[in-house]
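Bear in mind that the values in this text are calculations on the coordinates, not laboratory data. What you are looking at is a predicted structure, and each value in this text was computed from that prediction instead of being measured. Using ideal geometry, Cβ is built from the backbone for each residue, glycine included, and neighbour counts are taken over all protein chains shown.
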Protein chains: 2
Amino acid sequence: MYERKTLPELNCGLDLIGEVLYGKWKMRLLWFIHEGFQRPSELQRKIPGASRRVLNVQLKELESHELVGKVIYPVVPPKVDYYLTDLGQSLIPIIGAIGQWGDQHDQRLRTLILKSIHP
Amino acid sequence: MYERKTLPELNCGLDLIGEVLYGKWKMRLLWFIHEGFQRPSELQRKIPGASRRVLNVQLKELESHELVGKVIYPVVPPKVDYYLTDLGQSLIPIIGAIGQWGDQHDQRLRTLILKSIHP
DNA sequence: GTCAATAGGGATAAATTTGTCCCTATCTGA
DNA sequence: TCAGATAGGGACAAATTTATCCCTATTGAC
């Protein structure tokens, strides 16, 4: 496990949300769990760009921040279901709005992003 | 300048917004510019936790993604004013909602974050 | 009998982000 | 005359995040 060397600043709402949502795949994980993809393997298939490892790490962080919970079924092969907690659920409208903004400006953003990479 | 070695995936709205908003201080920068703190030195004072250098870098990225623009006054000592573009302005309600969510859950989040650091 | 699927952790490497320090230049005020 | 404010970039170091690879264990399908 990585141990952080500097403490986070927690001054305002944006700092706080930064701590719990700042992770490349976290919003997607919450969104897909909300959409009903609750097993780790399903989530991995929904997010092929991310390594299995990182999804596990980020799910664990989401769990430690109580945005998601999980049910471990004592079966073999193992089965786990993630679900949104109330706190996690309350983020869904915001994540929805963010995704919608991205979709609305899709063409323009895509162009700008590509231009900013290729000078 | 850092040159990225892997290309971003731009599949959905969340990917796109990730590219333009994923940066530790970007939402704060947009928010403070929106609140009227438009000069670089003012922004640096509003965000003391960030180094001058990084704020410059992130402002430049925001500019290249056309979320902010700037006016350079040809005076000495130099003077620059940043402003939100229409695109940047359209993010303000979302950033507001995010900050509000953080503020609403302040105590709970603060506790959870600290607990997740100190086991 | 071997392989894929299942969930997830450890060790380590690579990529990326953030921070530190120094340098440009000019004017104002002590 | 020297420090400080102003805006910002280069070189480099440190912190952090993400990826790669390997290992645990069991069941069912081929």
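Only counting other Cβ atoms within 10 Å, I'd like B:Asp86, A:Asp106 sorted with the fewest neighbours first.
On the way: B:Asp86 8, A:Asp106 15.
Placing the least packed residue first, the sequence is B:Asp86, A:Asp106.
Below 8 Å, C-alpha to C-alpha, sequence gap of six or more: please give me the relative contact order for region A:62-119 in percent.
Working: 35 pairs, mean separation 13.3, N = 58.
Normalised by residue count, the contact order of region A:62-119 is 23 percent.
Taking trypsin sites (Lys or Arg not before Pro) as candidate sites, keep only those in a DSSP loop with at most 11 other Cβ atoms within 10 Å, then name the longest stretch of chain B containing none of them.
Free of exposed loop sites, the longest segment is B:6-119.
Mind sorting B:Val57, B:Val71 by how few other Cβ atoms lie within 10 Å of their own Cβ, fewest first?
Ascending Cβ contact count within 10 Å gives the list B:Val71, B:Val57.
With an 8 Å cut-off on Cα pairs and a minimum separation of 6 or more residues, tell me the relative contact order of chain A in percent.
Details: 88 pairs, mean separation 26.0, N = 119.
Computed value for chain A: 22 percent relative contact order.
Rounded to the nearest 500, what is the protein assembly as shown's calculated 222 nm mean residue ellipticity when only DSSP H runs of at least 4 contribute -39500 (n - 2.57) each, over all residues?
Details: 14 runs with 134 residues, N = 238.
Per the formula, -16500 deg cm²/dmol.
Taking the Cα centre of region A:11-68 as origin and charging only Cβ (+1 Lys, Arg; -1 Asp, Glu), how large is the dipole, in debye to the nearest 20? Kindly include the intermediate steps, with their values, before the conclusion.
On the way: 9 positive and 7 negative charges, 88 e Å.
Taking the Cα centre of region A:11-68 as origin, the dipole is about 420 debye.
Test of the criteria: in region A:27-65, which GluC sites (Glu not before Pro) are in a DSSP loop and have at most 13 other Cβ atoms within 10 angstrom of their Cβ?
Taking region A:27-65 and a limit of 13 other Cβ atoms within 10 Å, the loop GluC sites (Glu not before Pro) found are A:Glu35.
Inter-copy label distances at B:Gly69, 7 Å along the Cα→beta-carbon direction, one decimal in nm, shortest first?
Copy-to-copy label distances for B:Gly69: 5.1 nm.
Counting other beta carbons within 10 Å of each residue's own, what order do A:Tyr82, B:Tyr83 fall into, fewest first? Write out the running numbers ahead of the final one.
Values: A:Tyr82 22, B:Tyr83 13.
Fewest-to-most Cβ neighbours within 10 Å comes out as B:Tyr83, A:Tyr82.
Any of A:Lys26/A:Lys79; B:Lys24/B:Lys70; A:Lys60/B:Lys5; B:Lys5/B:Lys26; A:Lys79/B:Lys24 with alpha carbons more than 31 Å apart? Name them for me. Please list the in-between numbers first.
Working: A:Lys26/A:Lys79 21 Å; B:Lys24/B:Lys70 21 Å; A:Lys60/B:Lys5 28 Å; B:Lys5/B:Lys26 22 Å; A:Lys79/B:Lys24 35 Å.
Exceeds cut-off: A:Lys79/B:Lys24.
May I ask you to report, in nm to one decimal and beginning with the shortest, the distances from B:Arg108 to the same position in the other copies, taking label points 7 Å along Cα-to-Cβ?
Ordered by increasing distance: 3.5 nm.
Treat each spin label as a single point 7 Å out from the Cα along the C-beta direction, and report the B:Ser41 to B:Lys115 distance in nm.
Placing both labels 7 Å beyond Cα along the Cβ direction yields 4.5 nm.
Between B:Asp81 and A:Glu3, how many nm apart are label points set 7 Å from Cα along the C-beta direction?
Calculated label separation equals 5.0 nm.
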